[in-house]
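Questions regarding the structure given below will be posed in turn.
The values are calculated or read from the model by the stated rules, or taken from the named source; none is laboratory data. Since the model is a prediction, treat every value here as computed from it, not as a measurement. Reconstructed Cβ throughout: ideal geometry from the backbone, glycine too, with neighbour counts over all protein chains shown. We work out accessible area using only protein heavy atoms, side chains counted, and drop any ligands, DNA or RNA first. Shrake-Rupley method; radii C 1.70, N 1.55, O 1.52, S 1.80 Å.
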Amino acid sequence: MTVPLLKIGVVLSTMAMITNWMSQTLPSLVGLNTTKLTAAQGGYPDRSTGVLPANPEESWQVYSSAQDSEGRCVCTVVAPQQSMCSRDARTKQLRQLLEKVQNMTQSIQVLDQRTQRDLQYVEKMEVQLRGLETKFKEVEENHKQNIAKQYKAIKAKMEALRPLIPVLEEYKADAKLVLQFKEEVRNLTSVLSELQEEMGAYDYEELHNRVSNLEERLRACMQKLACGKLTGISDPITIKTSGSRFGSWMTDPLAPEGDTRVWYMDGYHNNRFVREYKSMHDFMTSDNFTSHRLPHPWSGTGQVVYNGSIYFNKFQSHVIIKFDFRTSSISKSRQLDYAGFNNAYHYAWGGHSDIDLMVDEGGLWAVYATNQNAGNIVISKLNPNTLQIIKSWTTNHPKRSAGESFMICGTLYVTNGYSGGTKVYYAYSTNSSTYEYIDIPLQNKYSHISMLDYNPHDRALYAWNNGHQVLYNVTLFHVIRSEEL
């Protein structure tokens, strides 16, 4: 907007200069050098001020004004008496001058019209530019808001993917290891093919050792493939609705092929009877079951069936009992030293859940808390035959703050609660003796989880949710560690 207005100012200034020039120069051109200018107040020529000759009857009378209300130059010339003009030698010059003045006046009028037209155009452009400026501001604000929303969405996705970064780094190395296995198998195959043609050309004992070594490494590799890091939990699948608010149910992960029996225990104390259903189908569709009476009531919901026996915490004690279903007798019992019991260090929901027994791909585990560890969770690997502690790990997570927990591939996963919105948010790895905070949603469909255990055979979580028996499928990211083979 500044440049057009500057042009208009230049035009008006030029018009004023022309007016001053005419008022001062015109009299000298026509011989009126003896005239006297009467100044108005302020030093500027008044519109009615005249330039008078010494003898008005013999000379021209010239009246001038700097500019009119519209900015145009106005000149008034009064001729002398006719008798004087006829013999005045400067008449011709005056007429030529008057023609020039008229031409200048016409040019100034044309310039004024153009200036007025340009001014109108500039005013319209000013309105349009202001409108565009407003629209640009609106677009800029909307763009900032959209960028903020997109940034939040991208940030959320990045946070969800962040835990996979170290796993992917390990996976790169594992992929190379698998390629090495393939290359070794290809080499051995080639050697065996040549042996068929050249008997005795190779040391058979050495070849046998190479094959055995490769077989062991491949078997270890396949065993490692069964393990992985928890990355997701499916929506719950409701299998049955039965029993009280608290309880536990499970299958045996080491059951022989075709054995799909389901074990069911209602309540968390003062109960000794375990139901046995012949199959998952019978459990879902009927109430046909066999009842087993335990020699002692159990405490909590942390029981587990493993290789034909049930392991449970004896009520109001820190004693672990192994009961063999095949002989209907106690095959082993042992105290879990220093473990809290009788609601000393239970899960957040209570229910005498001080000692939680569980299994994973590595075997039998006990999760509990001790005074020595300030009520924080202790993880102990147990010998399933003798119930002796093989090794223990102390964590920094308070037992009473945990909703539930379960083991997968040597890692303890802990939920942040048992009711309402629930997620798995803490993981302690016994393989590296380290912990991390994670964020894996767990849909709590019936609002109260009192039992949550992992079955390594089914690759599923078994849960007792407010009188509903439900299953969750899990997603594991499999990692092969070359240093462990």
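Just how much of VAL139 is accessible, in Å², when a 1.4 Å probe is used and the result is rounded to the nearest 10?
90 Å²
Can you work out the Karplus-derived ³J(HN,Hα) for every residue in region 383-388? Use 6.51 cos²θ - 1.76 cosθ + 1.60 with θ = phi - 60°, whole Hz, and x for glycine or proline.
Once rounded to whole Hz, the list reads 6, x, 8, 9, 6, 6.
Something else: When the dipole is taken about the Cα centre of region 229-477, and only Lys, Arg (+1) and Asp, Glu (-1) are charged at their Cβ, what size is it in debye, to the nearest 20?
460 debye
Which peptide among 445-458, 416-429 comes first, and what is the full order, when sorted by highest mean count of other Cβ atoms within 10 Å?
The packing order, highest mean first, is 445-458, 416-429.
Around ASP252, with a cut-off of 9 angstrom between Cβ atoms, what is the net charge of the other residues, counting Lys and Arg +1 and Asp and Glu -1?
0
Could you tally the net charge around SER333, taking each other residue with its Cβ under 13 Å from the Cβ of SER333, Lys/Arg +1 and Asp/Glu -1?
Spelling it out: positives minus negatives among the neighbours equals +3.
Rolling a 1.4 angstrom probe over the protein heavy atoms, how many square angstrom per residue are accessible across region 229-477?
40 Å²
I'd like the Karplus ³J(HN,Hα) series for region 434-445: coefficients 6.51, -1.76, 1.60, θ = phi - 60°, whole numbers in Hz, and an x wherever there's a Gly or Pro.
10, 10, 8, 9, 10, 8, 10, x, 10, 6, 9, 5
Using the structure shown, list the pairs from LYS149/LYS423; LYS155/LYS229; LYS381/LYS445; LYS332/LYS399; LYS322/LYS399; LYS391/LYS445 with a Cα-Cα distance above 30 Å, or answer none.
LYS381/LYS445; LYS391/LYS445, as the Cα separations exceed 30 Å there.
With r defined as the distance between the Cβ atoms of LEU254 and THR134 and R0 fixed at 60 Å, what FRET efficiency is calculated, to the nearest 0.05?
That gives a FRET efficiency of 0.20.
If amide hydrogens are placed 1.01 Å from N in the peptide plane, which non-local residues have theirs closer than 5 Å to the one on ILE408?
Long-range HN contacts for ILE408: TYR413.
Explain nothing, just compute: Karplus ³J(HN,Hα) = 6.51 cos²θ - 1.76 cosθ + 1.60, θ = phi - 60°, for every residue of region 364-381 in order, whole Hz, x for Gly and Pro.
9, 9, 10, 10, 7, 9, 9, 5, 4, 9, 6, x, 7, 5, 10, 10, 10, 7
Kirkwood hydrodynamic radius, computed over distinct alpha-carbon pairs, for region 229-477: how many Å, to one decimal?
The Cα-based Kirkwood calculation yields 17.7 Å.
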